[in-house]
Amino acid sequence: MAFARVMVSALRRQGLDPNEALRHAQITPSQLQKSEGRITALQMEWLSGAVMQTLDDEALGAFDRRLPWGSYGMLARASLSSPDLGVAVQRWCRHHGLLTDAVRLRLSLAGETASVLIEEQPSHLALPGNAREFSLVYLLRNIHGLACWYVDSRIPLQEARFPYTAPDHAQAYAQMFPGPHRFESGQAEIRFDARYLRLPLVRDEAALRQMLQRALPLTVLQYRRDRLLVEQVRHVLVADPEAGQSAERLAERLHMSARTLHRQLREEGASLQQLKDDVRSARARELLARSHRPIKQVAAAVGFRNEKSFIRAFRGWTGQSPADYRDRPEAA
């Protein structure tokens, strides 16, 4: 509800009555004043849309000049022809600088981690109340949601950072930015796996026109489908075989629930057991062919708690016992 109050304040600073926008969003004046109040994603969409259109400003008064209705749609269209997500995000950040000098967005790469960072100018730092916080949150959710839409995939966040003290409603950040988040950072940014930047865009002009009819949910709702989830699960299982001992432990590493992990893998036509078996089988065959470790040590190295279970599983994978596999002529 703190963000709803920011939008209402934006109207009042322009001498406009917020009651019509509040009625449209089904928020009463008494609800608006509740310090612990919450609104639904749909109410957020209704209210922000009404306020943006009333102000004719998609930045909700956050910048030193208005961003007329359709500004962010124009940015989305300008990046639509990009060959991959990395180019699209770079273009979006660069073009955003043509709309306002109050903030600068840039894409940064460090190894396999990508970051979208916001550099604020004094006019933005001086925004009243929670307006600065809301503006930074809205910008990061905007580019994150659009990036997910471009490639039709959830892009899990490795971390989100914010350059202010944790607000009273800090618990709401878990819904807006799932995964670790840090306050009192140097600047606002989101971090994610850089491999997503190599994904090709899968949207066209027709899809864009349809999306723009209801674009605001992209800044509120999280994508479910993750086109790199199978690859991420494999990576965790290779790096930490013990993580495969339970779905809960693996899901925690990926910043999701075990139920969500199983559901999304099903949507990708995979299963956790299948991925565990694939990774364990490949690692076991490598160790048997390239090392002289005893079978018991190989079993432990690929995540089995006892040798018998490993031998039984290995037979199911290859049709051979580990000892027979090691003794075959090709392994010599």
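Among the listed residues R195, R154, which satisfies the condition of being at pLDDT below 95, buried (at least 17 other Cβ atoms within 10 Å of the Cβ), of a type in the set (K, R) and outside any strand (DSSP E or B)?
Among R195, R154, only R154 is at pLDDT below 95, buried (at least 17 other Cβ atoms within 10 Å of the Cβ), of a type in the set (K, R) and outside any strand (DSSP E or B).
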Test: L67 is surrounded by 14 or more Cβ atoms within 10 Å (Cβ to Cβ), in contact with a His (Cβ under 6 Å, 6 or more places away or on another chain) and assigned by TED's automatic domain parsing to the domain that holds R104: no
Take the conditions surrounded by 16 or more Cβ atoms within 10 Å (Cβ to Cβ), modelled with pLDDT of 95 or more, over 25 Å from P217 (Cβ atoms) and touching a helix residue (DSSP H, G or I) at 6+ places or on another chain (Cβ under 9 Å) and apply them to R106. Does it pass? yes
Could you go through region 158-171 and let me know if any residue there is in a loop (DSSP other than H, G, I, E, B), loosely packed, with under 15 Cβ neighbours inside 10 Å and either in the same structural domain as G49 (by TED's automatic domain parsing) or among the charged types (D, E, K, R) (or both). yes
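Kindly evaluate R66 against the criterion of being free of Cβ contacts under 8 Å to residues at least 12 places away in the same chain, more than 26 Å from D204 (Cβ to Cβ) and charged (D, E, K, R).
yes
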Take Y173 and decide whether it is touching a residue at least 60 places away in the same chain (Cβ under 8 Å) and either of a type in the set (V, I, T) or within 24 Å of A59 (Cβ to Cβ) (or both). no
Which condition number does Q297 fail, the rest of (1) in a helix (DSSP H, G or I); (2) at pLDDT below 90 being met? (2)
Can you tell me which residue in region 16-64 is surrounded by the most Cβ atoms within 10 Å (Cβ to Cβ), limited to those that are among the acidic types (D, E) and within 21 Å of R132 (Cβ to Cβ)? E58
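The values are calculated or read from the model by the stated rules, or taken from the named source; none is laboratory data. Computed from a predicted model, the values in this text were never measured in an experiment. Methodologically, a virtual Cβ is constructed for each residue, glycine included, from the backbone with ideal geometry; neighbour enumeration extends over all protein chains shown.
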